[in-house]
Structures are given as structure tokens and as C-alpha cells.
Amino acid sequence: MNLGEIAKILNAEFICGEEDGSKEIQSAGGSDLMSDVLAFGKPGLLLLTGLSNIQTVRTADIIEAKAIIYVRGKRPDDDGIRLAREKGIPLLTTKMMMYQACGLLYTSGLAGVYMKDDIK
Amino acid sequence: MFFQNSALSESFEIKGGDFNRAGSVSTKIKETLQDIGIDSNIIRRAAIASYEAEMNVVMYARKADFTLTLTLASILIIVKDEGKGITDIEAAMQEGYSTATTEMREMGFGAGMGLPNIKRNADDFKITSVPGKGTVLEILIYLN
């Protein structure tokens, strides 16, 4: 499914990158722990998080995530949004809580990512 | 022997406690490696290891010298910090072991995953530390 469809499912608003609504998303993962995201993140991941500092954008850039969805209506500050624009990472925000947002996407057919002992 | 056939070397200074800029060196070296045309999977591993190392400096040290050395065969990242050092390296290498404060955890880090994440992404990883002085990380990733 694409980012625009995901936004509709989560009743999410684009903070930036609305022009990327047709980007196809293959997998998603939810975490507030950026070290976990760095450990399990795969290129192309859709990251759902309740953390809204600039490190979420940097982490998404490092793992080559396709977009970030902030849950519980959170949004990063201007520096975070600026960095996301610079890196071409769309940001969205939904009022839903993490569990509900992940559950809705999963039941809509969006796969999760799985941890492997060896990611090399 | 890491320094033979050096093709490129870049150095940066990382400041402890500077949470807003934390990660910017890793973003920069990722761009450098992309410009050179290094394989994207290798860049990801280098960027993840570098980012975790950078966060460790920001969280625990006063400052650090960060050096990226690219040779025809490998990427070497050396992070040499001035700080309180690590008393028990073996414990620090265990997933979940952490001495982080609540503030660090609220940043999404400090869960005891940093050093294991670095090791997982490196082909060779060396850590030495002198309590009260600082820690040196050597992260080596082969290009082939």
C-alpha cells in the first residue's frame, strides 16, 4: 500500500512530504527506542514512533526508512521537520496510540520486520 | 595495518551533551560514502555503528575525536573520547546493560543496545577504556 492510503487508514495528517503520497511501503515497525530501530530497521521501513525529537529523523535517515508516523498527535520541532525535508523523509502525525495504529496497519496487510541475529 | 593504502580520511569533533546535533557526523559520513559509491548495505552498517558511537559520546563523554578512514579494502571508524570511561567493558557489551539517565532514555537511547549494535554491524570491533580518562572504539568494516 502507499503512504497516502496509510494516512487515510490512520486518519493521519502530513507534516511534510505530502507530495510523496504515492510512495509504496512494504513494511513497518513501531518503537520509541531508537537503538531498537537501528537494530531491526530495514531499508524502506515505515517507522511509527511516539518519540518526536530530531533523533527520530536522523535514525530514519541512517536506516533509510521511507517515512515516519508520529502517534498520539506528536510532531517534531522545526529543526526536525527541516532535516526531514532536506533528507526527503515524509513525516505524518496521527492522534491514534501506537498499538491501535500498528494494529490497523497490520490488519490492512502491511507486514512487520523481523529481527535476525545476523543482519550482515 | 589499518592505515595502509588510505584513500580518504575525514576527522570530526563530537561534543558531549549536544543532543540536538547528535547524529550529524554519521549523516555526513553516510553522504561521503554514498558520493564515493560504496555498496548501500555496507554504508548502512557503517552509519548505524557510527551513529551509536556518536550517541555514546553525546551521552557519556565530554568530547571525542571521530575519524573515518576509507581504504581500498575497508572503512575504519575510530572514536576516541575524553570522559569517564567504562569500568566493566564485558558488562557494557551485554544487551540491556546501561548506566543511562532518564533524560538519555527519553531521547530514545541509553537502553544498553549501543555497543552490541556497533559490534553486530562491524567486521572487527575493538574497545579499550581507561576509567576516568576515556574510551577508544575501533570499528572496521570490510568493503568486500
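Say we join alpha carbon atoms closer than 10 Å with springs in a Gaussian network model of chain A; which of A:Gly109, A:Gly44, A:Gly30 then has the biggest fluctuation?
The residue that fluctuates most here is A:Gly109.
When Lys and Arg each count +1 and Asp and Glu each count -1, what net charge do the other residues less than 13 Å away from B:Asp35, Cβ to Cβ, add up to?
My count for the surroundings of B:Asp35 gives 0.
Could I have the simple spin-label model distance between B:Gln94 and B:Thr67, label points 7 Å from Cα toward Cβ, reported in nm to one decimal?
Computed distance between label sites B:Gln94 and B:Thr67 equals 3.4 nm.
Given the alpha-carbon gyration tensor of chain A, what are the semi-axes of its equivalent ellipsoid in whole angstrom, ordered largest first, with each equal to the square root of 5 times an eigenvalue?
Working from the Cα gyration tensor, I get semi-axes of 18, 17, 13 Å.
Hey, in the GNM for chain A with a 10 angstrom Cα cutoff, which one of A:Glu13, A:Glu64, A:Glu86 fluctuates hardest?
A:Glu86
For A:Ser52, B:Ser50, B:Ser24, what ranking results if the residue with the fewest other Cβ atoms within 10 Å of its Cβ goes first?
B:Ser24, A:Ser52, B:Ser50
Calculate for chain A the 222 nm mean residue ellipticity that helices alone would give, adding -39,500 (n - 2.57) per DSSP H run of length 4 or more and normalising by residue count, nearest 500 deg cm²/dmol.
-10500 deg cm²/dmol
How charged is the neighbourhood of A:Met97? Take every other residue with its Cβ under 15 Å from the Cβ of A:Met97, and add Lys/Arg as +1 and Asp/Glu as -1.
+2
Grab the Cα-Cα distance for B:Lys28 and B:Glu13, subtract it from 0.36 nm times how many residues apart they are, and report the gain in nm with one decimal.
4.1 nm
For chain B, place one equal point scatterer on every Cα, skip the solvent, and apply the Debye formula. What is log10 of I(q)/I(0) at q = 0.09 Å⁻¹?
Each listed q corresponds, in turn, to -0.25.
Please build a GNM for chain B, connecting alpha carbons under 10 Å apart, and tell me which residue among B:Val130, B:Val25, B:Val57 fluctuates the most.
Taking springs between Cα atoms under 10 Å, the residue moving most is B:Val130.
Kirkwood hydrodynamic radius for the protein assembly as shown: how many Å is it when counted over pairs of different Cα atoms?
18.8
Could you sort out which of B:Lys80/B:Lys119; A:Lys8/B:Lys28; A:Lys8/A:Lys66; A:Lys42/B:Lys15 sit more than 25 Å apart by Cα distance in this structure?
A:Lys8/B:Lys28; A:Lys42/B:Lys15
Quick note: the coordinates plus some simple rules give every number you see, no bench work behind them. Predicted, not measured: the structure shown is a model, and the values here were computed from it. Neighbour counts run over all protein chains shown; Cβ positions are idealised from the backbone, glycine included.
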